[in-house]
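Undergrad: The structure's right below; bear with me while I get my questions together.
What follows draws every value from the coordinates through simple rules; no lab data is involved. No experiment lies behind these values; they were computed from the predicted model shown. Glycine gets a Cβ as well: all are built from the backbone with ideal geometry, and neighbour counts include every protein chain shown.
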Amino acid sequence: MSSDLTAMNVDELQAALADGTTSVDLTQAYLDRIDAADGELRAYLHVDPEAALARAAEIDAGGTRGTGLAGLPVALKDVVVTEGVPTTSGSKILEGWKPPYDATVAARLKAAGTVLLGKTNMDEFAMGSSTENSAYGVTRNPWDLDRIPGGSSGGSSAAVAGGLAPWAIGTDTGGSIRQPAALTGLVGHKPTYGSVSRYGLIAFSSSLDQAGPMARTVLDAALLHEAIGGHDPLDSTSIDAPQPVLAEAARRGAGGDLAGLRVGVVRELGGEGHTDGYEDGVLSGVGGAVSRLEAMGADVREISCPAFDLALAAYYLIAPSEASSNLARFDGVRYGLRIGDDGSRDLDEVMALTREQGFGPEVKRRIILGTYALSSGYYDAYYGQAQKVRTLISRDFSAAFEGVDVLVSPTTPTVAFPIGARVDDPIAMYAADLCTLPASLAGVPAISVPCGLSEGLPVGFQIMAPALADDRCYRVAAALEAALTADRGDRGFLDQLATRRGSAA
Amino acid sequence: MSTDKLVDFDEVLTRYEPVIGLETHVELGTVSKMFCGCSTTFGAEPNTQTCPVCLGLPGSLPAANAVAIESAIRIGLALGCRIATWSRFSRKNYFYPDIPKGFQTTQYDEPFSTAGHLDVEVDGETYRVEIERVHLEEDTGKNLHVGGATGRIHGADHSLIDYNRAGIPLVEIVTRPIPGAGAKAPEVAKAYVAELREILLALGVSEVKMEQGNLRCDVNVSLAPIGSLEWGTRTETKNVNSLRSVERAVRFEMRRQAAVLDDGGRIVQETRHFHEDTGSTSPGRSKEEATDYRYFPEPDLVPIAPDEEWVEKLAAALPELPAARRTRLSEEWGIAPTEMAWLVNAGAVELVSDTVAAGATPADARKWWLGELARRANDANVELAELAVTPAQVAELVALVGAGTINDQLARQTLDGVLAGEGSPTEVVASRGLAVMGESDELVAAVDAAIEGNPDVAEKVRGGKVQAIGALVGAVMKTTRGKADAATVKRMLEARLTAG
Ligand SMILES: [Zn+2]
């Protein structure tokens, strides 16, 4: 067993903290790792070592270390607003903005005693699937530095996979937690819409955005999720219901008994007649995972969800429409970038110049798309129609969940692609979210758990459950994880990367 | 200031039929803002009543104010509206620095209330104003344009923005077009706003202080040639902020539009600004190059489905509305509707009612408020309610007269003292020594002096010319500086001059 703290799972770190390792030691280990590796990976946009160590010392002195999450470092995607800590959402337009308040997610993690390591890179305003749309440079995939780490939470995925954070918060609008988790060998969970507060997440698409955990193991993800979830009166769309017990579901699932569990394999997501664009390695990895579930007692059948074929089109109307409105506030008047205010231009010109220079091309593309879709005369044909498709997708889920307990699919059609491969082809880039979009549009929970390697790169397996049954995702994912870990004989999926890291060094 | 050609108002009506419409914005008097906990107190230092939500900071989210929703629904109920069983907020998207989010959270196609009405009375005639909708939204911040001649953004050196007002709950009440008011159109518009104001006060949902911008009107006016089946193109005059201005704005637009049409011109559909100083309007933004607001349902707020039972409870708990109250008071006070209309126009209904409640008879209360007090308010160019005298003090004054402590003339002097802040009527009577003189030695002496000083008049009275006694009474009143009671003086004189 490695004594490298940055290669440990969180449950092991909790034990170490309880056993006398200080939060300062632990934090320092991650800071050292960031120092050594982030020049290459570029997972972080902002790290303040002094603040992190001071916070760790505060926890050490406070006497809570080793209980719950106290003393554990965490990384936040830069879309999460943090009081006094620069928050950019990956955009030039917010360069230098230090928010005066904490997002609920950040506040809850703070209250739990975690130590903020830093803010992670992301596609600008969470718009992208590769982190190549960040205004602050590309993040690299620790499994292959020439490849993308997924997106938009690519900074978080690279940080956790690379050992630069024990875990991280990501946000998922159309797959931005699950897809990067899949491409970097992590567990990533998109909670039921409304079950984790959106207060303080810089909005991309309000009806879709959810924050969630990205972690080395299913149990770690469940622990992090429990710390951030639950009702928040500051978010009107927050569900006022008790959160299901997640860590316990993960522990129970790791026991491996899935007898009686009914699993539906979604035909439209890589099944027969729907394999275009799916890599063989991905399909065989997913097929293997399904077999493992069956071997643990699950009752597996194929399920057809025809409306899923329309998810991509609907998503690229709904998300840009909401984004075009959400991003209107970035006008240079109150905060962030302001361009051209030299006394020679009027207000409209200053606003236009600020937005012209502050937003990157993908953000502009989506603002224009969304503005068009909401325009009078086009609204019904585009936004209205997309909402109807959304209803159809929800109905497909409801119908499916009458017969099965969970739906499964690949998380992504392909493994991580090379940096630059899709930047000039937005449609190809959008296709990376093909499998994750339906759960986003329906607001149901979905988890991605690694299920193997293809060409040496991680393959993700997606498990979707009915709204508020997040615990079911954790249970099934933990069962699969335990079985595959036992097969390999290691401590977790990332050990394969650590081995490689070790041998490369 | 205005260079517009204007047609004489009476002449307008010989050729055109006006159609008016009103959109009224009412700031609710809730303790906190529409979507955050910030205070709504008027007049605070700029930008001290703000938070991440009402500043629209990235990541912030709205949480709807339940009291504001209840108030909006109560207003709908008071206007006889149908209350929606399912309602939503929408985003109205446009760029302007006083809207911090780049959109205003408002209601679009799913408002709380629709299809109501409000009856208003002008010169004894009732006009039914149909209400199209009542919806809830948030107020904008306030721009202050510094430098430049107009105080508007064009030509200003720089602009300051105060977001204290941003996010204050605002109820918008929209009428359907009101045809058929003819020459009374300006008065109907004014009477509608006045009646609406009374209702809002009765509901207790807003202080409705027009001078503080609690109630702001957009006035729509169009003209059509008499007999035409189609209505004309309308203009929308924004931010008309007093009852008098509403009337003036309608009048001015009718006269201006008539002149344009007479010249064969075309009315441009546009928003116009109202100028308090001249009573004129001038063009603002043209609607023909209008913004597409790209309304869509606000995804940050959940739909609101008012529970039927709850709405029924709200309806049952509505206070007596002004019209019903006026009917009841007319009966209780025994006055005709026209007289009640005077009281309404004078803004005296509450004052009279409170004065009656404090013990005065309805006739006395009306006499004082519509007479002496109305005259003084008019002289001082203030509203009746702004006079420094309370209904209780007026009732006290009436009681002092009734008890014979003072007479009407002394009462007016007493009022001078009350208005000058010298205390209650009783206190003023005491401090100024205004009480009517009884049959005191002083009065006997004054009567004697009057007879001695006017021997010829006294002789006439003795000789049977009883009406000549008035001159002697006048003399006594003069020497007593009005403090004597005329009837008493007359009785004393008669006793002296006619007794054997
Ligand atoms: Zn506020």
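Undergrad: Beyond 15 Å, what share of the Cα-Cα pairs of region B:441-499 remains, rounded to the nearest whole percent?
TA: Details: 611 of 1711 pairs.
Result for the distance tail: 36 percent.
Undergrad: Give me the one-decimal nm value for the distance between modelled label points at B:A183 and B:W86, 7 Å along each residue's Cα-to-Cβ direction.
TA: 5.1
Undergrad: Let me ask something additional. How many angstrom separate the Cα center of region A:128-175 from the Cα center of region B:227-283?
TA: The distance from the Cα centre of region A:128-175 to that of region B:227-283 comes to 60 Å.
Undergrad: Quick one: compute a quarter of the convex hull surface over the Cα atoms of region A:1-73 and quote it in nm². Spell out each step's value before the answer.
TA: Values: hull surface 20.0 nm².
Over every viewing direction, the Cα hull of region A:1-73 projects on average to 5.0 nm².
Undergrad: To the nearest Å, what is the center-to-center distance of region A:438-500 and region B:342-376, using C-alpha atoms only?
TA: About 80 Å separates the Cα centre of region A:438-500 from the one of region B:342-376.
Undergrad: Continuing with the same structure: Mind giving me the nanometre distance, one decimal, between the label points for B:A420 and B:D448, set 7 Å out from Cα along Cα→Cβ?
TA: 3.3
Undergrad: When a/c is below 1.5 the answer is rounded, else prolate if a/b is larger than b/c, else oblate, so apply that to region B:16-314 with a ≥ b ≥ c taken from the square roots of the Cα gyration tensor eigenvalues.
TA: Numbers: a/c = 1.75, a/b = 1.24, b/c = 1.41.
Oblate shape, in that a/c is at least 1.5 and b/c is the bigger or equal ratio.
Undergrad: Can you tell me the FRET efficiency between B:L144 and A:T64 if r is taken as the Cβ-Cβ distance and R0 is 35 Å, rounded to the nearest 0.05? Don't jump to the answer; show the numbers that get you there.
TA: Numbers: r = 50 Å, r/R0 = 1.42.
Approximately 0.10, to the nearest 0.05.
Undergrad: A further question follows. Based on the Kirkwood radius over alpha-carbon pairs, what is the Stokes-Einstein translational diffusion coefficient of region A:155-248 at 37 °C with 0.692 mPa s viscosity, in µm²/s? Spell out each step's value before the answer.
TA: Working: Rh = 13.2 Å.
For the chosen part, D equals 249 µm²/s.
Undergrad: Rounded to two decimal places and with Rh computed the Kirkwood way over Cα pairs, what is Rg over Rh for chain A?
TA: Working: Rg = 21.4 Å, Rh = 22.4 Å.
Here Rg/Rh amounts to 0.95.
Undergrad: Assigning unit charges at the beta carbon (Lys, Arg +1; Asp, Glu -1) and nothing else, what dipole magnitude in debye, to the nearest 20, does region B:320-432 show about its Cα centre?
TA: Details: 9 positive and 16 negative charges, 38 e Å.
Dipole magnitude for region B:320-432 comes out near 180 debye.
Undergrad: Right, next: Would you mind calculating the gained length between B:V268 and B:D123 on full extension (0.36 nm times residue separation, minus the Cα-Cα distance), in nm to one decimal?
TA: Values: separation 145, 0.36 × 145 = 52.20 nm, distance 3.28 nm.
Length gained between B:V268 and B:D123: 48.9 nm.
Undergrad: Here's another thing I want to ask about it. Using modelled amide H (1.01 Å from N, peptide plane; none on Pro or chain starts), what sits under 5 Å from the amide H of A:L337, excluding residues fewer than 5 places away?
TA: Those qualifying (amide H under 5 Å, at least 5 residues apart or on another chain) are A:L94, A:E95.
Undergrad: Taking a ≥ b ≥ c as the square roots of the eigenvalues of the Cα gyration tensor of region B:260-390, is the shape rounded (a/c under 1.5), prolate (a/b larger than b/c) or oblate? Before the final figure, lay out the partial values.
TA: Details: a/c = 2.80, a/b = 1.38, b/c = 2.02.
In terms of gyration-tensor shape, oblate.
Undergrad: Over the residues of region A:324-450, compute the C-alpha Rg and express it relative to 2.2 N^0.38 Å. Intermediate values should be presented prior to the final figure.
TA: Numbers: Rg = 19.8 Å, N = 127, 2.2 N^0.38 = 13.9 Å.
My calculation over the Cα atoms of region A:324-450 gives 1.43.
Undergrad: Further question on the same structure: Determine the dipole magnitude for the protein assembly as shown: charges of +1 sit on the beta-carbon of Lys and Arg, -1 on that of Asp and Glu, nothing else is charged, the reference point is the Cα centre, and the result goes in debye to the nearest 20.
TA: Details: 91 positive and 136 negative charges, 145 e Å.
For this selection, approximately 700 debye.
Undergrad: To continue, here is another question. Test of the criteria: in region A:257-294, which GluC sites (Glu not before Pro) are in a DSSP loop and have at most 12 other Cβ atoms within 10 angstrom of their Cβ?
TA: Details: sites: A:E268, A:E272, A:E279, A:E294; in loops: A:E268, A:E272, A:E279.
Within region A:257-294, the qualifying GluC sites (Glu not before Pro) (loop, at most 12 other Cβ atoms within 10 Å) are A:E272.
Undergrad: What share of all Cα pairs of region B:220-336, in percent, falls into each consecutive 10 Å distance bin?
TA: 10, 23, 19, 25, 19, 3
Undergrad: Additional query: Do any GluC sites (Glu not before Pro) in region B:334-397 lie in a loop, going by DSSP, with at most 15 other beta-carbon atoms within 10 Å of their beta carbon, and if so which? Walk me through the numbers on the way to the answer.
TA: Working: sites: B:E339, B:E350, B:E372, B:E383, B:E386, B:E396; in loops: B:E383.
Here the GluC sites (Glu not before Pro) that fit, given the DSSP loop and packing criteria, are B:E383.
Undergrad: Report the charge-dipole magnitude of region B:264-390 in Debye, nearest 20, computed about the Cα centre from +1 at each Lys and Arg Cβ and -1 at each Asp and Glu Cβ. Walk me through the intermediate numbers first.
TA: Working: 13 positive and 23 negative charges, 112 e Å.
Here the size comes out at about 540 debye.
Undergrad: Using 0.36 nm times the number of residues separating B:D456 and B:A44, minus their current alpha carbon distance, what extension gain do you get? Kindly include the intermediate steps, with their values, before the conclusion.
TA: On the way: separation 412, 0.36 × 412 = 148.32 nm, distance 7.29 nm.
Answer, rounded to one decimal: 141.0 nm.
Undergrad: Please compute one quarter of the surface area of the Cα convex hull for region B:383-448 and express it in square nanometres.
TA: Values: hull surface 19.0 nm².
Averaged projected hull area, Cα only: 4.7 nm².
Undergrad: Follow-up. Normalised by the residues of region B:441-499, what does the relative contact order come to in percent, with Cα pairs under 8 Å and at least six apart?
TA: 36
Undergrad: Let me ask something else about it. Remind me, relative contact order of region B:299-449 in percent, using alpha carbon pairs under 8 angstrom and six or more residues apart?
TA: Values: 107 pairs, mean separation 22.8, N = 151.
Dividing the mean separation by the residue count of region B:299-449 yields 15 percent.
Undergrad: I would also like to ask the following. May I ask which residue of B:G279, B:V208, B:P306 lies farthest towards the positive end of the charge dipole of region B:16-314, with charges of +1 (Lys, Arg) and -1 (Asp, Glu) on Cβ and the Cα centre as origin?
TA: Working it through, the farthest residue towards the positive pole turns out to be B:G279.
Undergrad: Looking at region B:469-500, which trypsin sites (Lys or Arg not before Pro) are in a loop (DSSP not H, G, I, E or B) and have at most 13 other Cβ atoms within 10 Å?
TA: Working: sites: B:K478, B:R481, B:K483, B:K490, B:R491, B:R496; in loops: B:R481, B:K483.
The qualifying sites are B:R481.
Undergrad: Could you give the distance between the Cα centres of region A:14-29 and region A:230-277, to the whole Å?
TA: Value for the Cα centre distance between the two parts: 32 Å.
Undergrad: Ok, one more. Which of the three applies to chain B, rounded, prolate or oblate, going by the alpha-carbon gyration tensor with a ≥ b ≥ c and a/c under 1.5 meaning rounded?
TA: Details: a/c = 2.47, a/b = 2.04, b/c = 1.21.
Prolate, since a/c reaches 1.5 and a/b exceeds b/c.
Undergrad: Taking every pair of alpha-carbon atoms in region B:412-478, give the share separated by more than 20 Å as a whole percent.
TA: Numbers: 1055 of 2211 pairs.
Value for region B:412-478: 48 percent of Cα pairs lie more than 20 Å apart.
Undergrad: Follow-up question, since we're still on this one. Between A:E50 and A:R338, what FRET efficiency follows from the Cβ-Cβ distance if R0 is 25 Å, with the result rounded to 0.05? Don't skip to the answer; put the middle values down first.
TA: Numbers: r = 30 Å, r/R0 = 1.19.
For R0 = 25 Å, the calculated efficiency reads 0.25.
Undergrad: Here is a further query. Taking 37 °C and 0.692 mPa s as the conditions, I'd like the Stokes-Einstein D for the protein assembly as shown in µm²/s, using the Kirkwood hydrodynamic radius from alpha carbon pairs.
TA: Details: Rh = 33.4 Å.
After rounding, the answer is 98 µm²/s.
Undergrad: Counting only C-alpha contacts under 8 Å and six or more residues apart, can you give the relative contact order of region B:16-314 as a whole percent? Mind dumping the intermediate values first?
TA: Working: 678 pairs, mean separation 72.0, N = 299.
Across region B:16-314, relative contact order equals 24 percent.
Undergrad: Something else now. Looking at the protein assembly as shown, what % of its DSSP beta bridges pair antiparallel, to the nearest 5?
TA: Restricted to the protein assembly as shown, the bridges split so that about 80 percent are antiparallel.
Undergrad: Using only DSSP helix segments of four residues or longer, with each worth -39500 (n - 2.57), what per-residue ellipticity at 222 nm results for the protein assembly as shown after dividing by its residue count and rounding to 500?
TA: Numbers: 34 runs with 389 residues, N = 1005.
Per the formula, -12000 deg cm²/dmol.
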